[in-house]
Amino acid sequence: MKTISLLLAMLVVLSVESRASDVSPPKGFTALFNGKDLSGWKIVNDGQFVGEEGVIKLNRGGGWLCSDEEYDDFVLLVEVRWLEERQDSGFFLRAGREGKNWPDRKYEVQCENSERVAHIFGAKCERDAKKAEGLLKPTGEWNAYEIHCAGTCCDVKLNGEPVSSATGLTHAKGYLGIQGESGVLEFRNFFIRRLKGGEKE
């Protein structure tokens with residue numbers, strides 16, 4: 001009986017490890033998260049982030065999670081699920097690293113399961129708020145963001161549908177980040193594709 005229990009426990013561990021390592025990106029994309037730890041990222045200002053079991057976990061707190069590399073023009077894919085109602089976070093784009101809690105220089109795509117979802121801060125934003133909120137899946141289910149950042153423009157899709165766009169971006173390059181703002185969230189399938197000069201998609 002003990003042998004059977006041990007074998008079952010080993011199978012569970014192997015299953016979790018397999019899921020964590022299954023981060024194969026779509027064609028042309030690169031994985032930003034390896035599914036096991038926060039290699040390639042830096043926790044800034046005591047952010048409460050952990051990478052394990054195939055997801056990046058945010059357990060309240062402040063601060064942010066900053067990429068090791070800087071990016072200029074790109075397409076970013078990421079899935080998020082909110083574990084409670086109205087949980088606040090955000091995706092930082094072309095950010096600097098200086099700032100008391102979050103970076104002083106940044107653009108931010110709102111990541112909150114509320115009427116504020118997918119708003120773009122830091123530039124002139126146009127957003128279909130009603131459409132965006134209507135696309136949100138119930139608490140605990142995965143939602144997909146697709147963020148295009150090219151030149152002076154940024155466009156956001158939520159669950160496959162365009163919901164917001166911004167123009168007048170002046171910061172040409174910077175870090176990617178996940179904001180900690182007292183929310184309980186999980187992130188997975190974090191992929192990026194760098195865009196070449198003049199390329200939009």
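The values are calculated or read from the model by the stated rules, or taken from the named source; none is laboratory data. Note that this is a predicted model, so its numbers are computed, not measured. With ideal geometry, Cβ positions are generated from the backbone for all residues, glycine too; neighbour counts draw on all protein chains shown.
Summary of computed values
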read-out	value
Output for the stretch 93-110, where each listed residue is in a loop (DSSP other than H, G, I, E, B) and either out of contact with any Phe, Trp or Tyr (no Cβ under 7 Å at 6 or more places or on another chain) or of a type in the set (Ser, Thr, Tyr) (or both)	Gly96, Glu98, Gly99, Lys100, Asn101, Asp104, Arg105
Residue check, Ala118 of a type in the set (Gly, Ala, Ser) and within 20 Å of Leu176 (Cα to Cα)	yes
Check on Glu85, within 15 Å of Glu186 (Cα to Cα) and in contact (Cβ under 8 Å) with a residue 12 or more places away in the chain	yes
Yes/no for Lys42 being modelled with pLDDT of 95 or more and either assigned to a loop (DSSP other than H, G, I, E, B) or more than 30 Å from Pro138 (Cβ to Cβ) (or both)	yes
Subset of the stretch 82-92 [crowded, with 21+ Cβ neighbours inside 10 Å and outside any strand (DSSP E or B)]	Gln87, Ser89
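Quick grid of which residues meet (1) at pLDDT below 95; (2) buried (at least 21 other Cβ atoms within 10 Å of the Cβ); (3) closer than 24 Å to Phe29 by Cα:
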{"position": "Gly51", "(1), (2), (3)": "no, yes, yes"}
{"position": "Glu69", "(1), (2), (3)": "no, no, yes"}
{"position": "Val80", "(1), (2), (3)": "no, yes, yes"}
{"position": "Lys100", "(1), (2), (3)": "yes, no, no"}
